[in-house]
Amino acid sequence: MQDLFDDQISAGKVADEPAAVARLFPETLTQKFEIFSYRNAATILKGGFPEQFHEITQALDRFEITKTMIRTPGGSKGPIASYVDTLFSDEWQETRISADLNVRLIHAKQPSKTLSQYTRHGFLDGHRIDFVKGKVALDLEWNSKDQTYDRDLSAFAAFYDAGAIDVGFILTRVTARVYPFLTTLGKVLNKDGTDGADDVYKKFGASTTC
């Protein structure tokens, strides 16, 4: 299931035209990452938010992970996620959205006549995004379940519908492309740095719970 998800993303079947997207990013990044844009998000990001675009591309240009990072178990926040935190300034904040819904029921034929009104407190609550600056959001998903991507897209949609963001960016990996490399890394590391019992590639295998 995870590989199917990766194949759909990598295929970019509904993505913006690849050559047009590639022209928006430095060649160093297009050689280093697969970049997909949907609904002209890349154009909006670069044209509407040049400061955030510059900071994201600079962070990705610096992005380098080691074999030790990959081999170290994650826990609540693994070494790769902690490392990505260091690539962004404090202006990029982990953000949660909360909103109440004010409801009015209006007479169908007399628009000025309110039949009833009430407020649903906490109508929108709990959605989180790893990094938000202005109206640009970025989430890291390095070894996540399929449902986590659904959650991220729901969070982006909630922020967008509320007018809190205009564009979202997900930094992730493609299992199918890196699997052969992962099989060469041996065992995961224990806390003391010694080899553990499990193979590294199993830690990054299919992560779906479907």
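The values are calculated or read from the model by the stated rules, or taken from the named source; none is laboratory data. This is a predicted model, so every value here is computed, not measured. Neighbour counts run over all protein chains shown; Cβ positions are idealised from the backbone, glycine included. Surface accessibility is based on the protein's heavy atoms, side chains included, excluding ligands, DNA and RNA. Shrake-Rupley method; radii C 1.70, N 1.55, O 1.52, S 1.80 Å.
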- Query: Can you list the aspartates and glutamates whose alpha carbon sits under 18 Å from that of Lys187, skipping same-chain ones fewer than 8 residues off?
  - Reply: Asp195, Asp198, Asp199
- Take the chain, connect every pair of alpha-carbon atoms lying under 10 Å apart with a spring to form a Gaussian network, then pick out the residue of Asp125, Asp100, Asp150 with the largest mean-square fluctuation. Asp100
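Test of the criteria: in segment 72-156, which trypsin sites (Lys or Arg not before Pro) are in a DSSP loop and have at most 11 other Cβ atoms within 10 angstrom of their Cβ?
For trypsin sites (Lys or Arg not before Pro) across segment 72-156 that sit outside H, G, I, E and B with at most 11 neighbouring Cβ atoms in 10 Å, the list reads Lys77, Lys109, Lys113.
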- If you wrap a convex hull around the C-alpha atoms of the chain and split its volume per residue, what is the figure in Å³? 178 Å³
- Contact order relative to length for segment 5-142, counting C-alpha pairs under 8 Å separated by 6 or more residues, stands in percent at 17 percent
- Determine ³J(HN,Hα), in whole Hz, for all residues of segment 53-58 in sequence, where each value follows from phi through the Karplus function 6.51 cos²θ - 1.76 cosθ + 1.60 and θ = phi - 60°; x replaces Gly and Pro. 4, 4, 5, 5, 5, 5
- Note on the structure: Counting only residues 5 or more apart in sequence or on a different chain, those whose built amide H sits under 5 Å from that of Phe169 are Ala137, Leu138, Asp139
- Over the chain, the sum of -39500 (n - 2.57) across DSSP H runs of at least four, divided by residue number and rounded to 500 deg cm²/dmol, gives at 222 nm -10000 deg cm²/dmol
- When the Karplus curve 6.51 cos²θ - 1.76 cosθ + 1.60 is applied with θ = phi - 60°, which whole-Hz ³J(HN,Hα) does each residue of segment 35-49 get, with x for Gly and Pro? 10, 10, 10, 10, 6, 6, 4, 5, 5, 5, 4, 6, x, x, 9
- Rounded accessible area per residue of segment 11-111, 1.4 Å, Å²: 65 Å²
- Item | Links that overshoot a 19 Å alpha carbon limit, given the list Lys32/Lys67; Lys77/Lys191; Lys67/Lys203; Lys13/Lys135; Lys13/Lys202; Lys67/Lys133 | Lys13/Lys135; Lys13/Lys202; Lys67/Lys133
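In whole percent, how big is the carbon plus sulfur part of the accessible area of segment 55-182, probe 1.4 Å, protein atoms only? Could you put the intermediate results ahead of the total?
Working: 3770 of 7550 Å².
Carbon and sulfur together cover 50 percent of it.
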- Query: Whose amide H sits under 5 Å from the amide H of Gly196, counting only residues 5 or more places off or on another chain, with H placed in the peptide plane?
  - Reply: Val188, Leu189, Asn190
